[in-house]
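The values are calculated or read from the model by the stated rules, or taken from the named source; none is laboratory data. Everything numeric here is computed off the predicted structure, so don't read it as measured data. Because the Cβ atoms are built from the backbone with ideal geometry, glycine has one as well, and the counts that use them run over all protein chains shown. Only protein heavy atoms, including side chains, enter the accessible area calculation; ligands, DNA and RNA are left aside. Shrake-Rupley method; radii C 1.70, N 1.55, O 1.52, S 1.80 Å.
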Amino acid sequence: MSLRPSEETHTQLVARIPQATGRDMAQWFQALEDGPSLLRQEERVDWLRTEHDLSHAYAQAIVHEHVKQRASRSFD
């Protein structure tokens, strides 16, 4: 059993985040960058869940997308 959703499920979660949370991905990325300096992804997920009252699935999707974005910036 996989702990991570399929790519299709992840894409669907990301697409629903603005409507479900009232914030777009850029705003969530800024919240992560302005938040505490947590290194582990699960710590960042837990912070989003507690600080912003998000479900685990949405928090995990936001953190995963943020990691992907930062990785792509480092190779530009």
Checklist entry - With respect to the numbered conditions (1) surrounded by 10 or more Cβ atoms within 10 Å (Cβ to Cβ); (2) at pLDDT 95 or above, which one is the sole condition not fulfilled by Gly22? => result (1)
Checklist outcome for this item: Residue set Leu13, Leu54; condition in contact with a Ser or Thr (Cβ under 7 Å, 6 or more places away or on another chain), among the hydrophobic types (A, V, I, L, M, F, W, C) and open to solvent by less than 80 Å² (accessible area, probe 1.4 Å); output residue Leu54
Checklist entry - How about the stretch 12-48: which of its residues are closer than 15 Å to His64 by Cα and either small (Gly, Ala, Ser) or in contact with a strand residue (DSSP E or B) (Cβ under 7 Å, 6 or more places away or on another chain) (or both)? => result Ala15, Ala26, Ala31
